[in-house]
Amino acid sequence: MVGLKEELLKSIWHAFTALDLDRSGKVLSHNLCTVLNVPHDPVALEEHFRDDDEGPVSNQGYMPYLNKFILEKVQGNFDKVEFNRMCWTLCAKKNLSKSPLVISDEDAFKVWVIFNFLSEDKYPLIIVPEEIEYLLKKLTEAMGAGWQQEQFDHYKIALNTSREGLSAWELIDLIGSGQFSKGMDRQTVSMAINEVFNELILDVLKQGYMLKKGHKRKNWTERWFVLKPNIISYYVSEDLKDKKGDIILDGNCCVEALPDRDGKKCLFLIKCLDKSFEISASDKKKKQEWIQAIQTTVNLLRAGSPPPHKEARQKRKELRQKLLAEQEELERQMKELQTANENKQKELETVRKQLEAAAARAAEEEKKRLQTQVELQDRFSLELEREKMVRQKMEEQVAQKSSELEQYLQRVRELEEMYKQLQDALEDEKQARQDEETVRKLQARLLEEESAKRAELEKWHLQQQQTIQMTEAEKQELENQRMIKEQALQVAMQQLEQLELERKEALEQYEEVKKKLETAANNTKSWKDKVAHHEGLIRLIEPGSKNPHLITNWGPAAFTEAELEQRQKSWKGKKATSE
């Protein structure tokens, strides 16, 4: 009922704004009650239009009466065309253009009704460019002409620069001017308007002549069929004056094709709960179009959906509302951005002033910095000259140190060579001491043998003296023994002389060895003096440590084996560093 009320209000608004309400409001209200089949309430009508200060005779005052006493009582059992024609009659004379049009008054009335269907739900009523394009396309398609999109785009641009849309009378002028129907005669334009009017206003989904089989006599009669969202009506002719019956459609109905029979072709059957209807189309194309149209209508009834043109209008309206909401949101965001931009501009201006002040301070600081830089450069130049002099001195010192290092490395190499020679001299000394020890042992053995021989000779001498004091008998025997012993003594003397000779030879060898040892000792002392002069490697003979010492042929050595190993490691480290 809300959608029906909105449709009624649009037509009433045209009539309402065209009349002088103080004089003709009663006439409008009476006519509305008549065409809408609403009971009259003369008391409420007279009370509403009472001519005094309290009576609501203004435009705002008429709407509450209209809603309460007329529109809320509408049941839908009225003729929409008659209702629209009554409102058209009240407003057309005042608003319709006097210039000649290519369409008749009847066609202008139909365009006015179509305008009320396609216009926006806000007052004053206008039709937006999108709906104008939709209507013109429908008319062009109905006339069988080609749509001129470029022409309409130019018209749309010119329209958008001046207003949001067209009023009903401007739309009638646009279509009646023939601007978008050039080359078409009045009859073709009228037929196209009538076809669009039937589809959009009368909800005619399809119409045309077909043959219908009777239920009683089973004869075939030509009828004019009109398909609407919930009914198929058939008439004697297309003037719709003599209605012969209706086929009530609902979600339980179905349509199916039938094979040709009884000399009839292009047959199809419409099945309803109480009856079935056999129809014959003029050709296969018409048959398929009707079957498809009826099946689509039944499917919409099952889904509870409105007719396609109403659903499409609702979708277009929702899309425009969505785009409008998005545009408003965009405008709001743009305003917010503009406000934010203004705030940013103010902030930038403040920042600019701060930057200018900062730039002035920076210039002053830059001046001070340059002055400081000049002073620092002078100071750095002096320090650089001083550093160059220091570097030159350091280079000279490095060169001197390099020369000293080279001399030191040369001394290290000489010391290494001296160390090798010292090792060789120590080996010679060690070998000489071993030879000396061997000679000494030989001399000691010879002395021991000599001492043993002397002791044995003295013993024999004593025995000989004792034997002299013995008896003559024994004397002879002793003489014999003495002779034997003297012979033995002579032999021993010979051996003693031989040992004496060997002792002398040993002494001579000892002297030679001693000379060699003295020579080696002198050489060693010379090398030790040199080493001590260079590095202080040899120290004076002092009381030794408690650690074990090296033993040579002359006794304990001047240093321990651990000290010798430590000095060897030191020499090897210096040698590696020099290399």
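Key figures
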quantity: Cross-link reach list, aspartates and glutamates versus LYS346, counting only Cα pairs under 20 Å and skipping chain neighbours closer than eight places; calculated: GLU336, GLU356
quantity: Neighbour-limited loop hits for trypsin sites (Lys or Arg not before Pro), region 66-124 (at most 14 other Cβ within 10 Å; DSSP other than H, G, I, E, B); calculated: LYS98, LYS122
quantity: THR296 - accessible surface, heavy atoms, 1.4 Å probe, Å² rounded to 10; calculated: 60 Å²
quantity: Listed values (1) 212; (2) 675; (3) 272, entry calculated as volume of the Cα convex hull per residue in Å³; calculated: (2)
quantity: Solvent-accessible ranking of VAL43, VAL111, largest area first, probe 1.4 Å; calculated: VAL43, VAL111
quantity: Rg followed by Dmax, in Å, when region 346-385 is reduced to its Cα trace; calculated: 16.6, 55
quantity: Kirkwood Rh (inverse of mean 1/r, distinct Cα pairs), region 389-458, angstrom; calculated: 17.4 Å
quantity: Compactness of region 344-431 - radius of gyration and Dmax, Cα, Å; calculated: 34.5, 109
quantity: Burial ranking of peptide ranges 441-447, 325-331 (average Cβ count within 10 Å, highest at the top); calculated: 441-447, 325-331
quantity: Normalised contact order of the chain, rounded percent, pairs of Cα under 8 Å and 6 or more residues apart; calculated: 7 percent
quantity: Percent of Cα-Cα distances greater than 20 Å, calculated over region 206-306; calculated: 33 percent
quantity: Flagged links, alpha-carbon separation over 27 Å, of LYS80/LYS137; LYS94/LYS310; LYS98/LYS243; LYS453/LYS504; LYS137/LYS265; LYS264/LYS310; calculated: LYS94/LYS310; LYS98/LYS243; LYS137/LYS265; LYS264/LYS310
quantity: Average silhouette area of region 108-188, convex hull of alpha-carbon atoms, in square nanometres; calculated: 5.2 nm²
quantity: Accessible surface, 1.4 Å probe, highest first, among residues HIS154, HIS461; calculated: HIS154, HIS461
quantity: Mean residue ellipticity (222 nm) of the chain, computed from DSSP H runs ≥ 4 via -39,500 (n - 2.57), nearest 500; calculated: -24500 deg cm²/dmol
quantity: Degrees, to the nearest 10: 149-160 long Cα axis against longest axis of the chain; calculated: 90 degrees
quantity: Cα-centred dipole magnitude for the chain, charges only on beta-carbon of K, R (+1) and D, E (-1), debye, nearest 20; calculated: 4220 debye
quantity: Probe 1.4 Å, all protein chains present, accessible-area order of TYR123, TYR65, TYR155, largest first; calculated: TYR123, TYR155, TYR65
quantity: Dimensions in Å of region 308-397 - Rg and Dmax from alpha carbons; calculated: 34.9, 108
quantity: Between 0 and 90°, nearest 10: helix 2-18 axis offset from the chain longest Cα axis; calculated: 60 degrees
quantity: Interchain or long-range residues, amide H under 5 Å from ILE231's placed H; calculated: LEU249
quantity: Solvent-accessible area of MET184 with every protein chain in place, 1.4 Å probe, in Å² to the nearest 10; calculated: 70 Å²
quantity: With all protein chains modelled, accessible area of LEU300 [1.4 Å, Å²]; calculated: 40 Å²
quantity: D (Stokes-Einstein, µm²/s), Kirkwood Cα radius, region 159-209, 0.890 mPa s at 25 °C; calculated: 190 µm²/s
quantity: Cα long-axis angle, helix 561-578 against the chain (0 to 90 degrees, to the nearest 10); calculated: 50 degrees
quantity: Separation of alpha-carbon centers, region 70-149 and region 339-411, rounded to whole Å; calculated: 88 Å
quantity: Per DSSP, loop GluC sites (Glu not before Pro) in region 237-311 with at most 14 further Cβ within 10 Å; calculated: GLU238
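The values are calculated or read from the model by the stated rules, or taken from the named source; none is laboratory data. None of these values were measured; they are calculated from a predicted model. Every residue, glycine as well, gets a Cβ built from its backbone with ideal geometry; the counts of neighbours run over all protein chains shown. Keep in mind that these areas ignore ligands, DNA and RNA; they rest on the heavy atoms of the full protein, side chains included. Shrake-Rupley method; radii C 1.70, N 1.55, O 1.52, S 1.80 Å.
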